[in-house]
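Colleague: The structure's right below; bear with me while I get my questions together.
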Amino acid sequence: MTLLVFDSGIGGLGVVRAVRELAPEEPLIYLGDTGFFPYGQKPDEILLPHIVALMGRAVAALAPRAVVVACNTASTIALPALRASLGVPVVGCVPPIKPAARASHSRTIGVLATAATVRRPYLSGLIAEFAQGCRVLSLGTPALAELAERKFRGERVAVGEIIAPLFAQPGGGEIDAIALGCTHYTFLLPEFMAERPDISWHDPAMPVARQTLRVAAHVPATRSAHSGTAFFTGAPVNPALLAPFGFRRAETCQW
């Protein structure tokens, strides 16, 4: 058995890259729900049963030893249901509010996420727990995840106009740390940093990778016949783009 990393698209590959950095030989399978992308604008009553059903089929077909939900939107809505139904350990992904709050000197931090993540009580709970004494300004937009998908496929992209509304809010000029609340945004970090080099940017990929390996350490490891394969519910991603992440094959889900 191996680890299954799941995302709505290519965003979870940032977590894969972090896992590979920490544990190069860890056997991985990837599942991108590209046929249902994007998640951020879909209502909870559609997303929740879809995610639970898809992951149930994936675990039955692939028999992973653990599942990594490398998607903030899916994590904020489906983690309890997935942990109750899948029968294997499930690692989630949350916006890195805590490190952003710790890094802020102005005590004003920003959160960039999908609209679905921004509106959920889960985010409010993280802010209440880990950002006490901070002013937290959020921007929920579907545009950045879609931009990350385009960049991954080779397009040149710009983020300035999309993130400008975050700083245009009252107090936005004081933001000195930003939590990225979507794993897709990992692939836009160079653009974010070039646009606002004065900001401390916080990406969830490495913390999720560390937690994944902590969980995996308690589960016996064997190599699956599916290890090294990336599955997609829509058209497969070009395998040449997946090779740097350690995937040799790209296939459309047949389950």
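Colleague: Exactly one of (1) modelled with pLDDT of 95 or more; (2) in contact with a Leu (Cβ under 8 Å, 6 or more places away or on another chain) is unmet by A158. Its number?
Modeller: It fails just one condition, (2).
Colleague: A further question on this structure: Please determine, by comparing only the residues of segment 169-192 that are without any contact (Cβ under 8 Å) to a residue 12 or more places away in the chain and closer than 24 Å to F130 by Cα, which one is surrounded by the fewest Cβ atoms within 10 Å (Cβ to Cβ). Reasoning before the result, please.
Modeller: So in segment 169-192, the residues without any contact (Cβ under 8 Å) to a residue 12 or more places away in the chain come out as 170, 173, 190.
Filter once more, keeping what is closer than 24 Å to F130 by Cα: 170, 173.
Values: P170: 8, G173: 11.
Filtering first and then ranking leaves P170.
Colleague: Among A116, A100, A145, which is the only one that is at pLDDT below 95, in contact with a strand residue (DSSP E or B) (Cβ under 8 Å, 6 or more places away or on another chain), surrounded by 21 or more Cβ atoms within 10 Å (Cβ to Cβ) and not basic (K, R)? Even if it seems obvious, please write down each step before you answer.
Modeller: On the way: A100 fails: at pLDDT below 95; A145 fails: in contact with a strand residue (DSSP E or B) (Cβ under 8 Å, 6 or more places away or on another chain).
Of the residues listed, the single one that is at pLDDT below 95, in contact with a strand residue (DSSP E or B) (Cβ under 8 Å, 6 or more places away or on another chain), surrounded by 21 or more Cβ atoms within 10 Å (Cβ to Cβ) and not basic (K, R) is A116.
Colleague: Tell me, please, whether a residue that is more than 23 Å from R214 (Cα to Cα) and not in a helix (DSSP H, G or I) can be found in segment 62-79.
Modeller: Scanning segment 62-79 turns up no residue that is more than 23 Å from R214 (Cα to Cα) and not in a helix (DSSP H, G or I).
Colleague: If I filter segment 70-79 down to residues being among the aliphatic types (A, V, I, L, M) and crowded, with 21+ Cβ neighbours inside 10 Å, which single residue comes out as nearest to the chain's Cα centre (by Cα)? I'd like the intermediate steps shown before the answer.
Modeller: Residues of segment 70-79 among the aliphatic types (A, V, I, L, M): 70, 74, 77-79.
Next, only the ones that are crowded, with 21+ Cβ neighbours inside 10 Å stay: 70, 74, 77-78.
On the way: A70: 4, A74: 9, I77: 13, A78: 14 Å.
Per the criteria, the residue is A70.
Colleague: Which is surrounded by fewer than 22 Cβ atoms within 10 Å (Cβ to Cβ), assigned to a loop (DSSP other than H, G, I, E, B) and of a type in the set (A, V, I, L, M, F, W, C), of A164, A128, A158?
Modeller: Values: A164 fails: assigned to a loop (DSSP other than H, G, I, E, B); A128 fails: assigned to a loop (DSSP other than H, G, I, E, B).
On inspection, the qualifying residue turns out to be A158.
Colleague: Looking at V67, V90, which one is free of Cβ contacts under 8 Å to residues at least 40 places away in the same chain, touching a Leu at 6+ places or on another chain (Cβ under 6 Å), surrounded by 24 or more Cβ atoms within 10 Å (Cβ to Cβ) and under 27 Å from I127 (Cβ atoms)?
Modeller: Matching residue, one of V67, V90: V90.
Colleague: Filter segment 173-229 for residues that are closer than 23 Å to R249 by Cα, outside any helix (DSSP H, G or I), of a type in the set (S, T, Y) and out of contact with any Ser or Thr (no Cβ under 7 Å at 6 or more places or on another chain) and give the result.
Modeller: Matches in segment 173-229: T222, T229.
Colleague: Can you report the number of residues in segment 131-142 which are outside any loop (DSSP other than H, G, I, E, B) and either surrounded by fewer than 19 Cβ atoms within 10 Å (Cβ to Cβ) or among the aliphatic types (A, V, I, L, M) (or both)?
Modeller: The total comes to 4.
Colleague: Got a number for residues in segment 234-252 being in contact with a Ser or Thr (Cβ under 9 Å, 6 or more places away or on another chain) and either over 21 Å from V91 (Cβ atoms) or surrounded by fewer than 12 Cβ atoms within 10 Å (Cβ to Cβ) (or both)? I'd like the intermediate steps shown before the answer.
Modeller: Step one: list which residues in segment 234-252 are in contact with a Ser or Thr (Cβ under 9 Å, 6 or more places away or on another chain), which gives 234-237, 247-252.
Keeping just the survivors that are either over 21 Å from V91 (Cβ atoms) or surrounded by fewer than 12 Cβ atoms within 10 Å (Cβ to Cβ) (or both) gives 234-237, 248-252.
Final tally of qualifying residues: 9.
Colleague: Still on this structure, please answer the following. Taking segment 4-60 as the search range and keeping residues that are polar (S, T, N, Q) and surrounded by fewer than 24 Cβ atoms within 10 Å (Cβ to Cβ), which one is farthest from the chain's Cα centre (by Cα)?
Modeller: Restricting to residues being polar (S, T, N, Q) and surrounded by fewer than 24 Cβ atoms within 10 Å (Cβ to Cβ), the top hit is Q41.
The values are calculated or read from the model by the stated rules, or taken from the named source; none is laboratory data. Keep in mind that what you see is a predicted model, and the values were worked out from it rather than measured. Cβ atoms come from the backbone with ideal geometry, glycine included; neighbour counts cover every protein chain shown.
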